[in-house]
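A quick write-up on the structure given underneath.
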Amino acid sequence: VFLSSALSSCKEKLVTKVSITKEAKLQVILESIYRKHPNGIGFILHVEAPDQNISWGNSVGYSNRLTKEQLNKDQPGQIASITKTFVSAAIFRLIEKGKLELYQPIKTLISEDTKALLIERGYNLDTITVAHLLSQRGGMPSMVTKKWREISNENLLYHWTRDEQIRDALSMNDKGKMGEFDYSDLNFNLLTEIIEKIEGVPFYISIRNLLNYKGSGLTHTWFYSLEPDPEDAKERFYQYKESRNWVSTYDESPTWGLFGAAGLVSTAENLAKFSHALASGKIYDYPETLNLMYSEIPDYDYAMDDYGDGFEGNYRMGIELITGPNIRMYGHDGYWGALMYHFCLLYTSPS
């Protein structure tokens, strides 16, 4: 890609082609996205590509739609369901350490209260495994319940506990079929129970230690309201849901989904660093662990979802695989507008 500038006279036209840096191209992309989405309040983009000597980030737009404060690229935000990839990576660290098995039944791994509730609802805990939960194939009901809808309409600041969310979800009569994909936040609430039972400390401390936040440069990633904000953290930017009359993350309690399904706050730079550390094998001791996280599980339904324009996707274990023309992407999205993906080019075009 080139920018063309022209020097003109009545006799001749001289065109000088100026090569644009990769960082400048990224800036053009960021600004074009902003222009094409007039209802978007602001966008932050960060790219980590060490093999191309790129570590770049910037922002456009506002951090607050009412005050029009300028958005800063280093401001953190709620990453919502991207948290699931962190939880999954921590589970695979436990597997790598020999403290857990991927196909281990969950019967002895979860709390006694949760076990009793699941058995009461007809779940066979001798056949539901850790792999079922990671791949969203545990047959768990949705946590978006009648009670949640009522509370969302009446008291957005309602304080949820993990036990309450588990009880509420299991009170619904919508049990799924084990082995079939059915996205439910409850799967990951159960996985954090498993982490706590094995490690003996709160799950958010275990995840921080298992994933070596410090070693991966994750200085501004934390479970909001469960861990203290980093001393030098900037103010969280506002994240909005236009479909819910512009309700923001400041209007709603962070406790719904806080316990593994969501809950993490991070910066775009930290997400890019984590994504690169995960994909490059720096999180794990052995490359086989990452391959296992990315793999299909035998006898599971892995029908590809058609995203259009030649792109297809399916859910692996706490991470989604999207394939398209000449590209493969691993990552996750989040309810409040967050996206984290690692892009793998399948070949390099000569142009």
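Table for the structure above
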item: Residues satisfying the stated conditions in region 201-232, i.e. of a type in the set (D, E, K, R), closer than 14 Å to Leu264 by Cα and assigned to a loop (DSSP other than H, G, I, E, B); result: Asp229
item: Residue list for region 233-264, restricted to those being modelled with pLDDT of 95 or more, assigned to a strand (DSSP E or B) and under 17 Å from Asn64 (Cα atoms); result: Tyr240, Ser248
item: Selected residue (only one of Tyr294, Tyr335, Tyr307 is open to solvent by 60 Å² or more (accessible area, probe 1.4 Å) and at pLDDT 90 or above); result: Tyr335
item: Unmet requirement for Trp160, which otherwise passes all of (1) over 30 Å from Leu290 (Cβ atoms); (2) out of contact with any Phe, Trp or Tyr (no Cβ under 7 Å at 6 or more places or on another chain); (3) of a type in the set (Phe, Trp, Tyr); result: (2)
item: Every pair of residues 6+ apart whose Cβ atoms lie under 7 Å, when the first sits in region 205-226 and is among the aliphatic types (A, V, I, L, M) while the second is open to solvent by 60 Å² or more (accessible area, probe 1.4 Å); result: Leu218/Lys273
item: Boolean, Lys273 is under 16 Å from the mean Cα position of the chain (by Cα) and either surrounded by fewer than 24 Cβ atoms within 10 Å (Cβ to Cβ) or among the polar types (S, T, N, Q) (or both); result: yes
item: Matching residues, region 248-263, being touching a residue at least 40 places away in the same chain (Cβ under 8 Å) and open to solvent by less than 10 Å² (accessible area, probe 1.4 Å); result: Thr249, Thr255, Gly257, Leu258, Gly260, Ala261
item: Residues (open to solvent by 70 Å² or more (accessible area, probe 1.4 Å) and in a loop (DSSP other than H, G, I, E, B)) located in region 69-97; result: Glu69, Lys73, Lys97
item: Top-ranked residue of region 115-142 - restricted to ones that are of a type in the set (A, V, I, L, M), in contact (Cβ under 8 Å) with a residue 40 or more places away in the chain and part of a loop (DSSP other than H, G, I, E, B), ranked as surrounded by the most Cβ atoms within 10 Å (Cβ to Cβ); result: Met140
item: Hits in region 119-160 - residues which are touching a strand residue (DSSP E or B) at 6+ places or on another chain (Cβ under 7 Å), more than 14 Å from Leu102 (Cβ to Cβ) and of a type in the set (Ser, Thr, Tyr); result: Thr127
item: Residue in region 58-68 that is of a type outside the set (Val, Ile, Thr), open to solvent by 70 Å² or more (accessible area, probe 1.4 Å) and in a strand (DSSP E or B) present; result: yes
item: Pairs with Cβ under 7 Å, 6+ apart, first in region 148-171 and surrounded by 13 or more Cβ atoms within 10 Å (Cβ to Cβ), second of a type in the set (Lys, Arg); result: Asp168/Lys147; Leu170/Arg121
item: Filter result for the condition that a residue is surrounded by fewer than 20 Cβ atoms within 10 Å (Cβ to Cβ) and of a type in the set (Gly, Ala, Ser), over Ser225, Ser266; result: Ser225
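The values are calculated or read from the model by the stated rules, or taken from the named source; none is laboratory data. None of these values were measured; they are calculated from a predicted model. No Cβ is skipped: glycine too gets one built from the backbone with ideal geometry, and neighbour counts run over all protein chains shown. Quick note on the areas: whole protein, heavy atoms, side chains included, nothing else; ligands and nucleic acids left out. Shrake-Rupley method; radii C 1.70, N 1.55, O 1.52, S 1.80 Å.
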